[in-house]
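**Q** Pasting in a structure now, in structure tokens, and then I'll have a few things to ask.
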Amino acid sequence: MRVELLRAWPQRHEETAVELATGMNVDDALQAVGWGLDAEFVGLAVFGQAAALTTALHDGDRIELLRSLQLDPKQARRLRAERARGSKP
């Protein structure tokens, strides 16, 4: 089976594909391409759904390595709203 792996940073991303035997999991795919979780990439998803290293894979799956949030989404929205209010006459 063929699966894609994706990891991204601001302004760039890296994507690769790997052929695996049927019945492999996320950890097997990461090891096959030499990627791993570290301080920068702290989570995993398969097509945007939370996944674990033991999550079984299917042909055509896309594994995404997730970075930690730099700012809580609610706080980011509050800051944008404050800026918008401050720029209006």
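**Q** Going through 53, 6, 37 one at a time, which residue ends up being part of a loop (DSSP other than H, G, I, E, B) and in contact with an Asp or Glu (Cβ under 6 Å, 6 or more places away or on another chain)?
**A** 53 is the lone residue from the list that is part of a loop (DSSP other than H, G, I, E, B) and in contact with an Asp or Glu (Cβ under 6 Å, 6 or more places away or on another chain).
**Q** Looking at the stretch 18-42 only, could you name the residues that are among the small types (Gly, Ala, Ser), surrounded by 12 or more Cβ atoms within 10 Å (Cβ to Cβ) and closer than 20 Å to residue 67 by Cα?
**A** Listed by number, the list holds a single entry, 29.
**Q** Here's a follow-up. Restricting to the stretch 47-64, name every residue that is in contact with a strand residue (DSSP E or B) (Cβ under 6 Å, 6 or more places away or on another chain) and without any contact (Cβ under 8 Å) to a residue 24 or more places away in the chain.
**A** Scanning the stretch 47-64 gives a single hit, 47.
**Q** Sticking with this one: If you check residue 21 against the conditions, is it under 16 Å from residue 2 (Cα atoms), of a type in the set (A, V, I, L, M) and in a loop (DSSP other than H, G, I, E, B)?
**A** Yes; evaluated as a whole, the condition is true for this residue.
**Q** Anything in the stretch 7-17 that is surrounded by fewer than 16 Cβ atoms within 10 Å (Cβ to Cβ) and not hydroxyl-bearing (Ser, Thr, Tyr)? List them, or say none.
**A** Hits for the stretch 7-17 are 8, 9, 10, 11, 12, 13, 14, 15, 17.
**Q** Just to be sure I understand, how many residues within the stretch 56-69 are of a type outside the set (A, V, I, L, M, F, W, C), closer than 12 Å to residue 4 by Cβ and part of a strand (DSSP E or B)?
**A** 2
Just so you know, all these numbers are worked out from the coordinates, no wet-lab data involved. Values in this document were obtained by computation on a predicted structure and should not be read as measured data. Here Cβ is always computed from backbone atoms with ideal geometry, including for glycine, and neighbour counts include all displayed protein chains.
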